[in-house]
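To start, the structure itself, in structure tokens.
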Amino acid sequence: MLKKVFKHEWHTISPLLLAIHIIGLSVAVICRIGINLMGGVQSFNSSIMAVFLLIAAIIAIGCVMVFTYFYTGYRFYKSVFAQQGYLTNTLPVTADQLIWGKGFTGVIWLTITFLWAMIAFMILVLSYHDAGEFFSELPRVLASLFSPGAPAITRAAVISLLLTPFFMIIQLYVSAAVGNLFTGHKLLASAGVYLGLYFLQQIAGIVIMCMAAPHLKTLTSRPTINDSAAVTVVYNTVNYSLIAALIFSILFSVVFYFLCRYVLNHRLNLE
């Protein structure tokens, strides 16, 4: 049943998202052609129109990314907690199957959007020569990132990057689930819950920064510290902070998942 939920969600949201991505990429290509007609990226200092085209393309790319993210959350809200929820919740599917089936669709589309945005930005700013060098070096860089001898900070950064789509999706889903508990204006309540969870995570980020502050203090409290020792202090601080942030994100996501699951199983309040 999990596979059926995934396939249904994929076929439902993909046509619109695919069209949006094609339009966004077309805007980037058209803007790059316009920039080239004005002399290329080096003409930015003398051409206001070239700057305008670059800004317009960046805004278009950002809009596609934001729309993709929140549309996946809206789809979950609409199909589970709105009027469509009466049909969805009569199907022989469990809360876990709903979360994972729809969640995998969102994760895949967020990953596609991230890669799409990289390509769109490269179209805007890289020449054919620079793009060729980038893709020729990409396999070597990826191999070094995933090699057993990669530094701990690199591993933590890679793991964080790979798990970020999961963190983002479950935050949307739990916001929709908690917003469902309100008696009216549930969609607005879901947006409010999302902002509240966002600020809660920012507080956790501040806590991590406060934990790292004593380590960085050694850079100023020891006037005779050499460059090598300073680099070691900064490296260790960033490494520990990144690992702490990853642990916090995993803990938040686990709590969000079980809270969403609890609401679906015990506190479902359809419109």
* Reduced Cα scattering model of segment 27-160, Debye log10 I(q)/I(0), q = 0.10, 0.13 Å⁻¹ -> -0.56, -0.81
* Can you tell me which of 257-265, 168-176, 102-110 comes out highest on packing, and rank the rest after it, using the mean Cβ neighbours within 10 Å? => 168-176, 102-110, 257-265
* **Cut-off under 5 Å, modelled amide H: who pairs with THR94 long-range** => none
* **Per-selection Kirkwood Rh - segment 110-173 (Cα, Å, 1 d.p.)** => 13.8 Å
* Structure fact -> Plugging the Cβ-Cβ distance of LEU87 and TRP10 into 1/(1 + (r/R0)^6) at R0 = 25 Å yields, to the nearest 0.05, a FRET efficiency of 0.90
* Taking the simple approach of a point 7 Å from Cα along Cα-to-Cβ for both PHE258 and THR94, what is their distance in nm? -> 1.6 nm
* Would you list, by chain and number, the lysines whose Cα falls below 19 Å from the Cα of LYS78, excluding same-chain residues fewer than 8 positions away? => LYS4, LYS7, LYS102, LYS186
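Since every read-out is calculated from the coordinates, none of them should be taken as a lab result. Note that the structure is predicted; figures quoted are calculated from it, not measured. FYI the Cβ positions are ideal-geometry reconstructions off the backbone, even for glycines, and counts take in every protein chain you see.
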